[in-house]
Structure formats: structure tokens, C-alpha cells
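A short write-up of the structure that comes next.
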Amino acid sequence: MAVDNMKMRAQLKGDYVEVKVLISHPMDTGRKKGDDGELIPAHFVQLITATLNGLPVLEAQWGTGISKNPYLTFRLRNAKVGDVVAVTWLDNFGASATQNIAVTKG
Amino acid sequence: MQRRNFLLGLMSAALVLPLQAFADIWNKRAFEAVKLNDAEQGLEINGEITSQDILVSAPDMAENGAIVQVEIRSNIPNTESLMILVEKNPTPLIAHYKFSNGAEPFIVTRIKMAETSDIKVVAKVGNQYFTNAKNVVVLENGCG
């Protein structure tokens, strides 16, 4: 499933697969005021999970200190071209998205 | 603003229930801690050992603390997780990454820094914790 708020790439590089993920998200800390002078409520991605062919490989918990439009690279051993990497994120408002991508040759 | 919050609240209520178990994983105590020690207690870190096998790569100086790219890696076998903490941020715990099934203890990510501080990385290996840090000079607060 492709979603417009995530970009992903998974490439075989020698003996590991490198996965790059970019998520469109404000990552508001809850400490900044908007144009109306009111505090903008904290709004941030709290959890990221990644699977390789359905098997969990990464579980990340994030606070508000991850930059706006979060960027993440991770590396997988035991992965090959054609394997499927899925990444899911969940934010503190309960919104979430999942994207799957097949490993390509780097 | 109020109406927007109300609508967002409704959306959250609708979406959050099936994801509640997933959301419960989030370590509220550690992430909301305002002091480094409290964050580490929330992570149940005790007795860190400084190790050159924990690598923290980041620029020496960041013009804008809103985006500081950091690469972290553990060369210690059987590393289970890596944590990133910035002591002088309003909430020091930035991220906690757990690896399994062949994921390398290696991450590149971009973080916010409020002011000049160490970026501290802690690796969990069994019941032991190994740590290393890299100081980054920050010219502009990126934690607004």
C-alpha cells in the first residue's frame, strides 16, 4: 500500500539491506505558539515498527525531539532482493500509516 | 482552535482503540522526564559503562538545532537496543530503538537540540548498558 505521507527505499548494499524512511509529520513539541498566540498541542510520531517478510526487525519509540518530517535509516542482515519491508507509524493523536516496499538491488 | 481540537479528539477516539495495545508500548515516564537522570531511570538504565564501541557521528556545530543529523552504531555483539538522549533538551530522551531478527544496531536519524549539549547514546546488551557521547555546539534553539 502506498501512502502519500511516507517515502521509503530498501536497497541491497553488499551484505546488508539499507532502508530509508521519510515521513511527513509536524512533530510539534507542544511548547511552540501558533500565529494566534495559543500553544500548538504536542503532535508527534510515538511509535515506528518495521517488519521484514512479516517478521519484526525494528521497534522505535520517539519523543518530541525527533525533527519535523522524520527521517530514519536502518540496516537489515539476512535480507535479499524481492523481500518485503513494511514500516508502520503511529502518532499521539492515534493516526497511523503503513507502507510496504520490496528490496531492490542498490 | 477549540473546534479543531475537538474534531481531532473525535478522530483519535475512533482510531486509537484498536491501536491501544500498540500505544501502551510508549514509555511515557521516560519520554516525559525533564531531567536526564529521570529519563534514564524511566528506561531502567543502571550502571553504564563508557565504551568506544558505541559510535556517535554528528556535526561538531549545528547552525540550527531544529535538524541535527546523527548516526549511531554499536559494535558490541548482541546489542538489543539503542537510546538517544540530549541532556540539555526540555525532555532529554529523544528515541529508543529495539532491534531483532537481523536488524543491525545502526540508525541514522535527525533530532532537535535546544542548545549546545552532548548527544548521549546508550546501548542495552543483555543486562548491561554501554554508553558514549558526542558534543554538538548549537547556535540556534531548535526545540521551539
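The values are calculated or read from the model by the stated rules, or taken from the named source; none is laboratory data. The structure displayed is predicted, hence computed values, not measured ones. Please note: Cβ atoms are built from the backbone with ideal geometry, for glycine as well, and neighbour counts cover all protein chains shown. Only protein heavy atoms, including side chains, enter the accessible area calculation; ligands, DNA and RNA are left aside. Shrake-Rupley method; radii C 1.70, N 1.55, O 1.52, S 1.80 Å.
Work through the residues other than A:L22 whose Cβ is under 11 Å from its Cβ and net out their charges, Lys, Arg +1 and Asp, Glu -1.
+4
R0 = 22 Å: FRET efficiency of B:L55 with A:K32, Cβ-based, nearest 0.05? Please report the intermediate quantities before stating the final value.
On the way: r = 32 Å, r/R0 = 1.47.
The computed FRET efficiency comes out at 0.10.
Rank A:P41, A:P56, A:P26 by mean-square fluctuation in a GNM of chain A with C-alpha springs under 10 angstrom and give only the top-ranked residue.
Sorting by GNM fluctuation, first place goes to A:P41.
Under 15 Å between C-alpha atoms is the cut-off here; go through chain A and count lysine pairs that meet it, provided they're at least eight residues apart or on different chains.
Eligible lysine pairs with Cα atoms under 15 Å apart amount to 7.
Going from most exposed to least, what order do A:K13, B:K35, B:K120, A:K105 have by accessible area with a 1.4 Å probe?
Listed by decreasing accessible area, they come as A:K105, B:K35, A:K13, B:K120.
With r defined as the distance between the Cβ atoms of B:E63 and B:D38 and R0 fixed at 45 Å, what FRET efficiency is calculated, to the nearest 0.05?
After rounding, the FRET efficiency stands at 0.90.
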